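> Below you'll find the structure I mean.
The values are calculated or read from the model by the stated rules, or taken from the named source; none is laboratory data. Source: prediction; values computed, not measured. When we count neighbours, we look across all protein chains shown, and the Cβ atoms used for this are built from the backbone with ideal geometry, even at glycine. What goes into the accessible areas is simple: the full protein's heavy atoms, side chains included, and nothing from ligands, DNA or RNA. Shrake-Rupley method; radii C 1.70, N 1.55, O 1.52, S 1.80 Å.
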Amino acid sequence: MFNRYVSLFALIAAAPSLAQATRDEHGDHVGDADLVVTAIIARNQADILAGTSIVSSEELARDLRPTIGETLSRQAGVSATSFGPNASRPVLRGFQGERVRILSDGIGSFDISNTSADHAVVINPLTADRIEVLRGPAALLFGSSAIGGVVNVIDSRIPRKVPSEAVHIDAVATYGSAAEERSASARADLAVTDRLVVHVDGSYSKTGNLKIGGYVLSDDLRNEAMASDEAEVQDLADLKGELPNSSARTWEIAGGAAYIGEGGSLGLSVSRYDSLYGVPLRYDTHHDDQAAEEGHESHAHEVKLDVVQTRVDLRGEVKLKSGFIDAVRLRAGYADYQHNELEEGGVIGTSFYHSGWEGRLDLIQQEMAGWTGAIGAQALVRKLNIIGEEKYLPKIKAEYLGLFTVQSLDLGALRAEAGGRIERAVANAEQDDILGTSEARRRFTAISGSLGAAYEVADGWRIGLNSSYTERAPSAEELFPNGPHAGTQAYEIGDPDLEKETSKGLELTLRGNGEGFALSASLYQSWFGNFIYELPNGETIDGLPLFQFQQNKARHYGAEFEASLRLGTIGAFTLNLDSVGDVSRATISAPNGKLAPPRIPALRLLGGLEAQSDMLDARLETEWVDGQTRIAPFETATPSYTLVNASLNWRPWGKDRDVSLLVSANNIFDVVSRRHASFLKDYAPLSGSDVRMTLRFGF
């Protein structure tokens, strides 16, 4: 079947596809919108050997959603965990959790979204200036856990430049009909002197329960419910139109300041994040006699998560511009995070306490005859303590120290890049009498490297090949769990003897652009040794299936593309045709045969037609997602779906003024859609028809 997918990609790649960067009125790339700053050395997107995506401010306005996962879900190679509308983490090339790093301006988000899909990422898309997605070997510069890729959300809380006016203000207001979403954010930069800038920002959003296109439960679960002897369970089959317990309220406030001089800069920011959101209900559609005997009720309970985080960030740079080193950059942060899981009546069932700090120092080399690079160090310490009835981990502490380098050589037609990283990881677990775990400590040394090159085969066209070897230390959440995990509805048992996960990868890339068109495509494959995954063993504890962490060989492969074609002009409008596509597959070589890992996204194609002018952009797009029938033993198949969206973006004073009103209609035909990467896909479909309005202005 994968060969069929590759053939389909080859046909579509010959047609136009979606380009992600800002364009001028002719659809061509302009300005520094194509610069990728996540790659440590700011480079044009076309010069990055691995797959990258840039979501600019205009695209953010169109795709803005309450979560970072849903905001990015239209990008090539990106899906989302979709644990309801309030907790959705990006899935990159089929990888999620521990294999994807979510960054805020270059360092971690300091939350616990990696431990469970029901834990939200504590990064607010409302405050983002732009978002960069970096996949492939270059992502390893941010840690061995970034083998799937890196999502870097870039904001201006620590100012990067002095505004040309005394005070600069930007504001965004959004309304979405599907959840009666009301959100607003504003930020201001004040030039105290010609070198000192002060920044403040704040945001607030509130949503009701999400409207959906059809039934809450999947067809299989509805059939189970209707076949039940219990009237209460039978009633579950009739739930439709609205996703219960999916409302949310979030606010955030931040302040920062920076000194910006000719020889460098230094800045600091402080932020406070507060959110209360519901987790969609997971219903029991069959009567479990054993659970009933143990006193477990068959109906679902409403749970809300009350999340708070206080965070401090530091960024500095010294521009040497002499000798071997061009600049020295420092980035550091600390955060204190807590969330309480509130049961019905507001009673706290379980509390999660997390704190951590991360710092990185980058030495940027002076360019010499086409050779440039960076050398750096990165340190991370995090602590997690769970208290309450659903405690599934002992108190843990994890420490990481990494040294890395990336070197690139530009010889004109040939560009080459090499990178390396050595990382020391330590995972500690305290003795816990409740869980029956003893004190444990594991130490790992992980070594990773990459080598790639791209050759210009024709004017504007480059073909590249990247190779990588990666070692990833198992996380504390994989080594030490031993208890009921509410988010996954499983009793999880870790393996404190897990070995390092290793992978060897290859990626073939093709990039081209010319007068009115651009194309980027990738084919990739990784061979894993000691791939870490969970599988049920057929037993139950406390009415929950018992899942155990284990390791085996695995293979992961896929393809993705994005491009655009200018069709022509009609009056003041330029017509652009675009599409995006991606597919990923994986196989685990288990002792009892070949297995498909869970929650691997299906083939997805998105295409659109857009008319652009100085004052008005009009867009019509269609997204088709294939059904996923290649599933893990404990999964259910996911049907295909097709969504149709349209939008109008009006700039009343043209592109010279930062004022726009975007009106979009999403899922126009109210289709029931379920994302296979979601734990809750059978209980929580995606949004139904949604009319959104976004007003942006700056002065």
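> Show me the ranking of peptides 326-332, 164-170 by mean Cβ neighbours inside 10 Å, starting with the highest. Provide the component values of the computation, followed by the final result.
Details: 326-332: 17.6, 164-170: 12.9.
Order by mean packing, descending: 326-332, 164-170.
> Still on this structure: Evaluate the distance, in nm, between pseudo-label points positioned 7 Å from the Cα of GLU180 and of MET615 along their respective Cα→Cβ axes.
3.7
> Next up: If R₀ is 41 angstrom, what is the calculated FRET efficiency for the pair ILE434 and PHE634, using the beta carbon separation as r and rounding to 0.05?
Values: r = 27 Å, r/R0 = 0.66.
Calculated transfer efficiency: 0.90.
> Among 520-529, 544-553, how do they line up by average Cβ neighbours within 10 Å per residue, starting with the highest? Please report the intermediate quantities before stating the final value.
Working: 520-529: 20.4, 544-553: 17.8.
Sorting 520-529, 544-553 by mean packing, highest first, produces 520-529, 544-553.
> Please give the peptides 67-77, 403-413 ranked by average Cβ packing (other Cβ atoms within 10 Å per residue), highest first, as a rough proxy for protection. Can you show the working numbers first?
Values: 67-77: 26.3, 403-413: 16.2.
Ranking, from highest mean packing down: 67-77, 403-413.
> Ok, one more. Which net charge results for the neighbourhood of LEU661, defined as the other residues with beta-carbon distances under 10 angstrom from its beta-carbon, given Lys and Arg at +1 and Asp and Glu at -1? Working shown, then result.
Numbers: positive: ARG651, ARG696; negative: none.
Cβ neighbours under 10 Å give a net charge of +2.
> Residue separation times 0.36 nm, minus the C-alpha to C-alpha distance between GLN338 and LEU403: what's the value?
Values: separation 65, 0.36 × 65 = 23.40 nm, distance 3.04 nm.
This chain segment gains 20.4 nm when fully extended.
> While we're looking at this one, here's another question. Relative to the Cα centre, what is the charge dipole magnitude of the stretch 312-368, using +1 at the beta carbon of each Lys and Arg, -1 at the beta carbon of each Asp and Glu, and rounding to the nearest 20 debye? Could you put the intermediate results ahead of the total?
Values: 6 positive and 10 negative charges, 112 e Å.
Roughly 540 debye for the stretch 312-368.
> If you don't mind, another one. Given a 1.4 Å probe and every protein chain left where it sits, what share in percent of the accessible area of the stretch 200-294 is carbon and sulfur? Walk me through the numbers before you get to the answer.
On the way: 2350 of 4550 Å².
Heavy-atom surface of the stretch 200-294 belonging to carbon and sulfur, 1.4 Å probe: 52 percent.
> For the chain, what's the relative contact order in percent, using C-alpha pairs closer than 8 Å and at least 6 residues apart?
Details: 2043 pairs, mean separation 89.1, N = 699.
Reported as a whole number, the value is 13 percent.
> Over the chain, with the other protein chains present, what is the accessible area per residue in square angstrom, probe 1.4 angstrom? Walk me through the intermediate numbers first.
Numbers: 27800 Å² over 699 residues.
Heavy-atom SASA per residue in the chain reads 40 Å².
> Just how large is the dipole of the stretch 538-672 about the Cα centre, in debye to the nearest 20, putting +1 at every Lys and Arg Cβ and -1 at every Asp and Glu Cβ?
On the way: 12 positive and 16 negative charges, 93 e Å.
Using only the charged Cβ atoms, the result is roughly 440 debye.
> While we're looking at this one, here's another question. Using a Förster radius of 45 Å, what is the FRET efficiency between ARG443 and VAL644 based on their Cβ-Cβ separation? Nearest 0.05, please. Working shown, then result.
Details: r = 53 Å, r/R0 = 1.18.
Efficiency, rounded to the nearest 0.05: 0.25.
> Separate question: What is the distance in Å between the Cα centres of the stretch 542-579 and the stretch 203-226?
Result: 24 Å between the Cα centres.
> Using Cα centres only, tell me the gap between the stretch 373-440 and the stretch 623-658 in whole Å.
Between the Cα centre of the stretch 373-440 and that of the stretch 623-658, the gap is 33 Å.
> Work from the charge dipole of the chain (Cβ charges, +1 for Lys and Arg, -1 for Asp and Glu, about the Cα centre) and give the residue of PHE699, SER351, GLN407 farthest towards its positive end.
Value: GLN407.
> Under 1.5 on a/c is rounded, so check that first for the stretch 85-151, then, if it is not, pick prolate when a/b is larger than b/c and oblate when it is not; a ≥ b ≥ c are the square roots of the alpha carbon gyration tensor eigenvalues. Write down the numbers at each step before the final one.
Values: a/c = 1.68, a/b = 1.22, b/c = 1.38.
Taking the square roots of the gyration eigenvalues as a ≥ b ≥ c, the stretch 85-151 is oblate.
> Give LYS211/LYS681; LYS240/LYS304; LYS319/LYS383; LYS304/LYS395; LYS304/LYS383; LYS395/LYS504 a once-over and call out the pairs whose C-alpha atoms are over 25 Å from each other.
Numbers: LYS211/LYS681 15 Å; LYS240/LYS304 21 Å; LYS319/LYS383 35 Å; LYS304/LYS395 23 Å; LYS304/LYS383 23 Å; LYS395/LYS504 33 Å.
With Cα atoms farther than 25 Å apart: LYS319/LYS383; LYS395/LYS504.
> With +1 on the Cβ of every Lys and Arg and -1 on the Cβ of every Asp and Glu, and nothing else charged, how large is the dipole of the chain about its Cα centre, in debye rounded to the nearest 20? Please list the in-between numbers first.
On the way: 66 positive and 95 negative charges, 478 e Å.
Dipole of the chain, to the nearest 20 debye: 2300 debye.
> Name the residue from GLY263, ALA173, LEU236 whose Cα lies farthest towards the positive end of the charge dipole of the stretch 129-264, charges +1 on Cβ of Lys and Arg and -1 on Cβ of Asp and Glu.
Positive-end residue among those listed: GLY263.
> Taking the dipole about the Cα centre of the chain, with the C-beta of Lys and Arg at +1 and of Asp and Glu at -1, give me whichever of LEU603, VAL37, ILE147 is farthest to the positive side.
About the Cα centre, the residue reaching furthest to the positive side is VAL37.
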